[in-house]
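*Asks:* So that we are looking at the same thing, I have put the structure below in structure tokens.
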Amino acid sequence: MFPLWALAIVLVLLYRWSTSTFDYFEKRKIPYVKPVPFFGQVLSFFVQQKHAVDVASEGYKMFPNTRISGVFTLRTPAYLVHDPVLYKQMAIKDFDHFTDHVTQLSLEDDPLLARSLFFTNGSRWRHHRHGMSPAFTGSKMRNMFVLLSQCVGNAMERLEKITQKKPATMELRDLYSRLGNDVMTSISFGVEVDSLTDRNNIFYLKGKRLAQIDGLPGLKFVMSTIVPWFFRWLHIGLLYKDVNEFYLDETSKNIRYRQTNKITRPDFVQILLQARENELSSDKAEDEALENAGFSTATTHTVVPKDGVKLKWEDIDITAAGASFFFGGIETTTTLLCFTSYELAVNPAIQSRLREEIDEVREGLPDGKTPTYEVLQKMKYLDMVVSETLRRWTPLGLTNRRCTKDYTFTNSDGNVITIERGHTISIPLKSFHLDEKYFPDPLRFDPERFEDPSGINQDAYVPFGTGMRNCIGSRLALMQAKCILFYMLSNYSFEPDTKLTVPIVIDEKSAGLNAKHGFWVNLVPRKV
């Protein structure tokens with residue numbers, strides 16, 4: 001039998017070990033959230049009292065007069081950036097100090113995600129970012145928009161048959177995730193599917209597992225940022241093995257079929273096949289004319305590999321890129337669409353004004369219903385509504401970087417701070433967007449904020465991040481969301497259902513941003 005005195009000694013030693021780093025910020029005169037032994041700052045996440053983003057951003061409101069504060073992830077000290085200007089400086093001018101994301105996945109355990117742009121670091125990231133940048137230019141998005149618009153237009157016809165031109169109650173996350181699945185399966189993998197009527201098609205089922213961020217997959221995703229070493233040590237993959245195998249097999253077959261039959265199609269597979277053959281180029285004049293996809297469009301930055309070696313786009317690299325776009329196109333865009341539709345349903349005056357703009361645009365279309373890429377980009381009020389949704393309900397409320405080279409700056413109190421190599425910094429995008437210093441009455445949904453773009457603090461408005469590692473797919477996300485909203489509001493009005501919780505209650509268990517009780521809305525057919 002283990003002696004009680006020995007057990008007591010072990011517990012005391014564990015306690016002292018777990019708290020041995022807790023004087024880190026005090027010694028450096030940096031304000032910090034008081035940590036809990038063994039858990040640091042993240043206890044409320046483990047007991048599901050708060051959403052992961054709110055837990056990580058807790059110090060933002062506690063210390064309003066500092067540029068940075070300290071947090072403890074378990075027993076490891078990390079930093080929370082409070083100043084949008086400091087974040088911008090770190091992300092652009094001083095990018096060499098913060099080149100990597102925190103999560104580091106294994107190529108063996110996560111063959112697709114570990115090759116995707118978000119999760120790659122170092123030289124591999126530079127090669128992927130440089131190679132993929134031409135795929136997201138304005139002209140490439142315009143070419144892709146033809147596929148997108150056709151896919152959504154066909155889905156609207158099927159939705160009309162399902163609703164039988166009568167008011168129908170629907171849970172919008174399910175509806176938009178199905179629309180997003182069909183759009184992104186077409187754009188990312190070159191396959192046409194119908195998830196509205198063929199509800200259990202293999203691409204939808206696999207796509208749902210690929211983009212799942214609640215339950216166990218969501219927990220693994222969050223934990224991979226808290227204890228990334230643990231996943232590599234135990235060889236735990238974030239994606240299911242069958243999902244990796246399915247998309248690699250389908251993409252490889254699609255590539256062989258295109259090459260054999262000399263088929264070309266304006267989608268990501270075709271673009272990356274051009275990159276493989278060093279045939280991917282851009283029309284600078286045309287791209288500049290189509291550069292702006294809306295106020296929220298992330299600025300494009302040129303990233304050049306430093307070693308002079310060109311990336312070889314193998315089938316698995318093309319699949320990984322497609323899976324990465326697919327995830328963003330479904331999860332992020334679905335979240336944006338759900339919260340936009342929610343706000344339109346509970347703010348009928350805003351919805352009415354947006355419908356008026358859509359109806360006016362439709363009058364000028366040759367067939368009265370099919371928008372072009374250029375027409376969609378010129379819709380000012382639609383852009384204002386989408387921009388405000390991204391502010392009020394930021395899909396990715398927190399991002400992070402790992403310090404790759406010691407970084408020194410001066411805090412607001414004059415204290416000189418050095419962030420040491422290897423430490424993590426978190427950037428609370430949601431907190432910036434809901435800070436009344438930058439956005440008065442921040443909890444109010446008000447598209448009028450964006451009537452005059454010069455009145456927006458563009459350091460604090462960062463829905464797609466900023467700098468070299470901002471979201472490369474912002475144009476795609478905005479194009480997809482605006483297209484779907486255009487078609488939906490051309491055909492339906494949104495009205496709150498009795499099952500819709502107003503105000504919305506956020507699901508604290510989800511790794512992403514989601515409504516705890518769903519987005520239940522009545523779709524009322526319009527007589528236009």
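The values are calculated or read from the model by the stated rules, or taken from the named source; none is laboratory data. Just so we're clear, the structure is a prediction, and the values are computed from it rather than from any experiment. Virtual Cβ from ideal backbone geometry, glycine too; neighbours counted across all protein chains shown. For the accessible areas, the whole protein counts, side chains as well, though only heavy atoms, and no ligand, DNA or RNA atoms are used. Shrake-Rupley method; radii C 1.70, N 1.55, O 1.52, S 1.80 Å.
*Asks:* Give the residues of the range 410-426 that are surrounded by 12 or more Cβ atoms within 10 Å (Cβ to Cβ) and among the aliphatic types (A, V, I, L, M), sorted by residue number.
*Replies:* If the condition is that a residue be surrounded by 12 or more Cβ atoms within 10 Å (Cβ to Cβ) and among the aliphatic types (A, V, I, L, M), then ILE417, ILE419, ILE425 are the ones that fit.
*Asks:* Right, here's the next one. Return the residues of the range 223-268 that are modelled with pLDDT under 85, open to solvent by 60 Å² or more (accessible area, probe 1.4 Å) and within 16 Å of PHE326 (Cα to Cα); say none if nothing qualifies.
*Replies:* TYR240
*Asks:* Filter the range 448-469 for residues that are touching a residue at least 60 places away in the same chain (Cβ under 8 Å) and surrounded by fewer than 20 Cβ atoms within 10 Å (Cβ to Cβ) and give the result.
*Replies:* GLU448, GLU451, PRO453, ILE456, ASN457, ASP459, GLY465, MET468 - these are the residues of the range 448-469 that are touching a residue at least 60 places away in the same chain (Cβ under 8 Å) and surrounded by fewer than 20 Cβ atoms within 10 Å (Cβ to Cβ).
*Asks:* A further question on this structure: Tell me yes or no: at least one residue of the range 502-521 is over 24 Å from the mean Cα position of the chain (by Cα), assigned to a loop (DSSP other than H, G, I, E, B), modelled with pLDDT of 95 or more and surrounded by fewer than 19 Cβ atoms within 10 Å (Cβ to Cβ).
*Replies:* Scanning the range 502-521 turns up at least one residue that is over 24 Å from the mean Cα position of the chain (by Cα), assigned to a loop (DSSP other than H, G, I, E, B), modelled with pLDDT of 95 or more and surrounded by fewer than 19 Cβ atoms within 10 Å (Cβ to Cβ).
*Asks:* Here's a follow-up. Picking from TYR381, TYR373, TYR407, which residue would you name as being open to solvent by less than 20 Å² (accessible area, probe 1.4 Å), farther than 20 Å from GLY294 by Cα and of a type in the set (Phe, Trp, Tyr)?
*Replies:* Exactly one of TYR381, TYR373, TYR407 is open to solvent by less than 20 Å² (accessible area, probe 1.4 Å), farther than 20 Å from GLY294 by Cα and of a type in the set (Phe, Trp, Tyr), namely TYR407.
*Asks:* Looking only at residues in the range 148-174 that are within 23 Å of the chain's Cα centre (by Cα) and open to solvent by less than 20 Å² (accessible area, probe 1.4 Å), which one is nearest to HIS301 (Cα to Cα)?
*Replies:* Filtering first and then ranking leaves LEU148.
*Asks:* Additional query: Please find, within the range 274-319, the residue that is surrounded by the most Cβ atoms within 10 Å (Cβ to Cβ) out of those that are at pLDDT 70 or above and outside any loop (DSSP other than H, G, I, E, B).
*Replies:* Only one residue tops the list, namely THR319.
*Asks:* While we're looking at this one, here's another question. Would you be able to say whether some residue in the range 414-427 is part of a loop (DSSP other than H, G, I, E, B), among the basic types (Lys, Arg) and in contact with a Cys (Cβ under 8 Å, 6 or more places away or on another chain)?
*Replies:* Yes: the range 414-427 contains one or more residues that are part of a loop (DSSP other than H, G, I, E, B), among the basic types (Lys, Arg) and in contact with a Cys (Cβ under 8 Å, 6 or more places away or on another chain).
*Asks:* Let me ask something else. Kindly list the number of the only condition in (1) surrounded by 19 or more Cβ atoms within 10 Å (Cβ to Cβ); (2) part of a helix (DSSP H, G or I); (3) among the small types (Gly, Ala, Ser) that fails for GLY70.
*Replies:* Failing condition for GLY70: (2).
*Asks:* Right, something else. Got a sec? Which of LEU365, LEU376, LEU396 is among the hydrophobic types (A, V, I, L, M, F, W, C), in a loop (DSSP other than H, G, I, E, B) and touching a residue at least 40 places away in the same chain (Cβ under 8 Å)?
*Replies:* LEU396
*Asks:* Of everything in the range 129-138, what is in contact with a helix residue (DSSP H, G or I) (Cβ under 6 Å, 6 or more places away or on another chain) and open to solvent by 10 Å² or more (accessible area, probe 1.4 Å)? Give them in sequence order.
*Replies:* Once the filter is applied, which keeps residues that are in contact with a helix residue (DSSP H, G or I) (Cβ under 6 Å, 6 or more places away or on another chain) and open to solvent by 10 Å² or more (accessible area, probe 1.4 Å), the range 129-138 yields GLY131, THR137.
*Asks:* Does VAL53 fit the bill of being modelled with pLDDT under 95 and either in a loop (DSSP other than H, G, I, E, B) or under 27 Å from THR466 (Cα atoms) (or both)?
*Replies:* Answer is yes for this residue.
*Asks:* May I pose another question? Based on what the data block shows, is THR389 open to solvent by 10 Å² or more (accessible area, probe 1.4 Å) and within 28 Å of the chain's Cα centre (by Cα)?
*Replies:* no
*Asks:* Answer with yes or no whether PHE445 is more than 30 Å from ASN121 (Cβ to Cβ), in contact (Cβ under 8 Å) with a residue 12 or more places away in the chain, buried (at least 19 other Cβ atoms within 10 Å of the Cβ) and out of contact with any strand residue (DSSP E or B) (no Cβ under 7 Å at 6 or more places or on another chain).
*Replies:* Yes; evaluated as a whole, the condition is true for this residue.
*Asks:* Which residues, taken from the range 481-501, are closer than 19 Å to LEU365 by Cβ and assigned to a helix (DSSP H, G or I)?
*Replies:* Residues satisfying the conditions are LYS482, CYS483, ILE484, LEU485, PHE486, TYR487, MET488, LEU489, SER490, ASN491.
*Asks:* If LYS88 meets every condition in (1) out of contact with any strand residue (DSSP E or B) (no Cβ under 9 Å at 6 or more places or on another chain); (2) surrounded by 12 or more Cβ atoms within 10 Å (Cβ to Cβ); (3) at pLDDT below 95 apart from one, which number is that one?
*Replies:* Condition (3) is where LYS88 drops out.
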